[in-house]
1. In the range 1-14, which residues are within 15 Å of Ile214 (Cα to Cα) and assigned to a loop (DSSP other than H, G, I, E, B)?
2. As an exercise: evaluate Ser119 against (1) surrounded by fewer than 21 Cβ atoms within 10 Å (Cβ to Cβ); (2) without any contact (Cβ under 8 Å) to a residue 40 or more places away in the chain; (3) touching a Leu at 6+ places or on another chain (Cβ under 8 Å); (4) of a type in the set (Ser, Thr, Tyr) and give the number of the one condition it does not meet.
3. Go through (1) outside the structural domain of Arg230 (by TED's automatic domain parsing); (2) surrounded by fewer than 18 Cβ atoms within 10 Å (Cβ to Cβ) and name the single condition Gly90 misses.
4. Considering only the range 38-69, how many residues are among the β-branched types (Val, Ile, Thr), in contact with a helix residue (DSSP H, G or I) (Cβ under 9 Å, 6 or more places away or on another chain) and modelled with pLDDT of 95 or more?
5. In the range 154-197, which residues are small (Gly, Ala, Ser) and more than 30 Å from Ala6 (Cβ to Cβ)?
6. Just the residues that are in contact (Cβ under 8 Å) with a residue 24 or more places away in the chain and either in contact with a Ser or Thr (Cβ under 7 Å, 6 or more places away or on another chain) or within 23 Å of Asp134 (Cα to Cα) (or both), please, taken from the range 73-90.
7. Of the residues that sit in the range 196-224 and are crowded, with 19+ Cβ neighbours inside 10 Å and of a type in the set (Gly, Ala, Ser), which one is farthest from the chain's Cα centre (by Cα)?
Amino acid sequence: MIDKIAGYLSQSNKAVAFTGAGISTESGIPDFRSPGGVWSRYQPVLFQDFLTSGDARRQYWQMKKEAYRELKGAKPNSGHRALAALEAAGKLAAVITQNIDGLHQDAGSKRVLELHGTSRYCICLKCDARYDPDLVQERLESGVEVPLCDKCGGLLKSATISFGQQLPQDVLSEALDLCLQTDLILAIGSSLVVEPAASLPLQAKQNGGRLVIINKTETPLDDLADVIVREPIGETLTRVVHDLGLH
């Protein structure tokens, strides 16, 4: 399977990677859906509830406070580094990710489309002021339950996308264009069930691209895949990079 993926990449002019939480579990970040993950302890807070309910905001920030501890200090793993190496060698056009951890950028990837936003800053929903999440975390740790903007008193929120919140349309549009143009998409560490993001690999396949799935569990697109790999992501991608003669 490794040589087949490497062969596909050699033949491709505009390959795209689509990544989910599975690529970051090897960096010590739990998949939110896995046992012990944040969502096993809390119900996700809908965006509209965040806007209208004080209780929902308190639950949201309690969840974020715990998730921050899991994200803080995480480093890119060999899977992230392999994708950065593929991009640097001209074998990968972009990374489209459902992840919010910023590890692709830390690994050196240049063109990263973050469909679900980023945990790297917080934003005021009223005046758009940005805040360092470390400073917001300090407030939460000191006992503040719902942090507010220093400038206008508006609600602060992580720059991640909540359920019921619209995805950034410019990012989604760019991602769709990439998937419609690509001749090869690598779907990595994603269950391929969270829409609309999960439909992007399907769009690529239906438009004539090859589909490679690297994921430890089955996905709804397995029957359409040209190659399926169930082995660890970092090990698999590192072997692909080596097979291509890259370092």
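The values are calculated or read from the model by the stated rules, or taken from the named source; none is laboratory data. In this text the structure is predicted, and so the values were computed from the model without any measurement. Counting neighbours? That spans all protein chains shown, and the Cβs are built from the backbone with ideal geometry, glycine included.
1. Our first condition is that a residue be within 15 Å of Ile214 (Cα to Cα); within the range 1-14, this holds for 1-6, 8-9.
Residue satisfying the conditions is Met1 alone.
2. Evaluating Ser119 over (1) surrounded by fewer than 21 Cβ atoms within 10 Å (Cβ to Cβ); (2) without any contact (Cβ under 8 Å) to a residue 40 or more places away in the chain; (3) touching a Leu at 6+ places or on another chain (Cβ under 8 Å); (4) of a type in the set (Ser, Thr, Tyr) leaves (2) as the failure.
3. All conditions pass for Gly90, except number (1).
4. Filtering the range 38-69 for residues among the β-branched types (Val, Ile, Thr) gives 38, 45, 52.
Checking the rest, the ones that are also in contact with a helix residue (DSSP H, G or I) (Cβ under 9 Å, 6 or more places away or on another chain) come to 38, 45.
So of that shortlist, the ones also modelled with pLDDT of 95 or more come out as none.
Selection size over the range 38-69: 0.
5. Passing the criteria: Gly154, Ser158, Ala159, Ser162, Gly164, Ser173.
6. Matches in the range 73-90: Ala74, Lys75, Pro76, Asn77, Ser78, Ala82, Leu83, Ala84, Glu87.
7. Among those residues, the one meeting the criterion is Gly209.
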